[in-house]
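To start, the structure itself, in structure tokens.
FYI, it's all coordinate maths here, none of it is from the lab. Here the structure is a predicted model, which is why all the values come from computation and not from measurement. Positions of Cβ are generated from backbone atoms using ideal geometry, with glycine treated the same way; all protein chains shown enter the neighbour counts.
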Amino acid sequence: MRRLTILFAIFVTLTILAIPAVSACQDDCGCRNTIQVIPVGSQKTGDPIVTGNPANLEIFHTGKGPITNVSLLIVINKPTYDALKNITVDGELFLEKSDFRPADTQKIPPKNPTGDYPGSLCQYNVAAIKDKMNEKGKTVYYAVKFFTNKITTSPNKFTLRVNLESSADLKALVLALGRYDSKVTCKCSVKCVEPFNACSSFSKSTFVVPEASTLALTLAPLSAVAGFYFVRRKKKL
């Protein structure tokens, strides 16, 4: 009887000690909305910040960091896709038309990694992003591509330009994804330190249009949403 009591006490002690590890895992493996990719010198409005094309942007994070393996998420409407030539960053080719694909699933990106795609703990509703772009019931296209190895709390400035073959109703939503590598070791449905686990919410993103002063859109106050397709780009040191 005494032996059973001792074994029970050991079991209870081990269970209690395991609770903090589980909590740390849950905290560590969530999605952080700490990345900002916004027009230089802009103020947050609670919605994507509207700017013209080309867009002078800055990217940084506001939480723990640094954030690594940072990619830009760009979502465009069908008229932009149909007329698209390419998208450049600081004058260099960043995305081609073939890098985009229709957002034809309910939620994106996939949770589990496949190939070069690292997986993501941040999943977004396609219907919500269409509402934000005033494209409800229409097709939107998405792509994501590696942008930089690391961002810190100091803004990194760059110029993004959407180049079209012909005039179009330009709409491009620019967001970002990255990875915060915590020191906590835990077991989750996907590996903690490999998938994207940091992103930009709508209030920390940019909406590119031909002329910001002539924008005639109503941006609904929805939660952070985005869609993308992962495209691997050579990392720069």
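For segment 60-126, what does the alpha-carbon gyration tensor say about shape, rounded, prolate or oblate, given a ≥ b ≥ c as the root eigenvalues, a/c under 1.5 as rounded, and a/b over b/c as prolate? Don't skip to the answer; put the middle values down first.
Numbers: a/c = 1.94, a/b = 1.25, b/c = 1.56.
Judged from the Cα gyration tensor, segment 60-126 comes out oblate (a/c at least 1.5, b/c at or above a/b).
Starting from the Cα of residue 82, move 7 Å in the Cα-to-Cβ direction to define the label point; list residues of segment 90-106 whose amide nitrogen is under 16 Å from there.
102
Distance in nm between label sites at residue 139 and residue 105, each 7 Å beyond Cα in the beta-carbon direction?
Placing both labels 7 Å beyond Cα along the Cβ direction yields 1.8 nm.
If we count every other residue with Cβ under 14 angstrom of residue 131's Cβ, Lys/Arg +1 and Asp/Glu -1, where does the sum land?
Working: positive: 130, 132, 136, 138, 171; negative: 47, 135.
My count for the surroundings of residue 131 gives +3.
Label points 7 Å out from Cα along the Cβ direction at residue 68 and residue 45: separation in nm?
In this crude label model, residue 68 to residue 45 measures out at 3.7 nm.
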